[in-house]
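Here is the structure we will look at.
Derivation of every value follows stated rules applied to the coordinates shown; laboratory data play no part. Bear in mind that the values here come from a model prediction, so they are computed numbers and not experimental data. Using ideal geometry, Cβ is built from the backbone for each residue, glycine included, and neighbour counts are taken over all protein chains shown.
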Amino acid sequence: MKNLLKPDYYFKSLYDIDINWLKELNIKNLILDIDNTLVSWGTKQIDERGQMFINNLLKEGFRVCLLSNSSSKRVKNFINNELILYYTGFGIKPMKIKFLGALKLFDNKIDETCVIGDQIFTDILGGKRVGIKTILVDPIDSKEFLQLSF
Ligand SMILES: [Mg+2]
């Protein structure tokens, strides 16, 4: 269990991850968490910084799939480019079925897929359970935590 909670890599922010470094790792597909990874918690749409980051990934030939425990209606609000994939099928992170759904969009290329997220018990654990690489980032802000505290 302990190893399943240990990310393979850590960055302070999604935006610190270097595309060339991903290429060196032979990563071609990214499963991306939304809240507190791509945008601040509860943001309704993708912001400019997130859009630029994803556009750059797509331009460089990466495939990107948004994977969130949010409602499918909300996740779809983040899709403004048909190249951005998303999976809102059955399950919640860290259930394997949720990650397998996203992996299917990447032709089940486990070795070429990486999940990036801010939560050990959803993003990292779920990714580890299906055998993909995992990158932990710090939450963009601590709102999520504060909401749980009150
Ligand atoms: Mg998150």
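In terms of Cα to Cα distance under 17 Å, which aspartates and glutamates are near enough to Lys128, apart from those fewer than 8 places away along the same chain?
Asp8, Asp33, Asp111, Glu112, Asp118
Please label the shape of region 32-103 as rounded, prolate or oblate, based on the square roots a ≥ b ≥ c of the eigenvalues of the alpha-carbon gyration tensor (a/c under 1.5 means rounded; beyond that, a/b larger than b/c means prolate, else oblate). Write down the numbers at each step before the final one.
Details: a/c = 1.91, a/b = 1.29, b/c = 1.48.
Note, shape of region 32-103 comes out oblate.
Taking 8 Å as the Cα distance limit and 6 or more residues as the minimum spacing, I'd like the relative contact order of region 2-149 as a percentage. Kindly include the intermediate steps, with their values, before the conclusion.
On the way: 260 pairs, mean separation 49.2, N = 148.
Averaging sequence separation for qualifying contacts and normalising by length gives 33 percent for region 2-149.
Restricting to DSSP H runs of at least four residues, report the calculated mean residue ellipticity at 222 nm for the chain, -39500 (n - 2.57) per run over all residues, nearest 500 deg cm²/dmol. Numbers along the way, then the final one.
Details: 6 runs with 45 residues, N = 150.
My calculation for the chain gives -8000 deg cm²/dmol from helical runs alone.
If packing is taken as the mean number of other Cβ atoms within 10 Å per residue, what is the order of 61-67, 12-18, highest first?
Details: 61-67: 20.4, 12-18: 13.4.
Packing proxy ranking, top to bottom: 61-67, 12-18.
Once the Cβ-Cβ distance between Ser13 and Glu82 is put in as r, and R0 is 30 Å, what FRET efficiency do you end up with, to the nearest 0.05?
E between Ser13 and Glu82, to the nearest 0.05, is 0.65.
Calculate the translational D of region 2-149 in whole µm² s⁻¹ from Stokes-Einstein, where the hydrodynamic radius comes from the Kirkwood formula applied to all Cα pairs, the temperature is 37 °C and the viscosity 0.692 mPa s. Kindly include the intermediate steps, with their values, before the conclusion.
Details: Rh = 15.0 Å.
Diffusion coefficient, whole number: 218 µm²/s.
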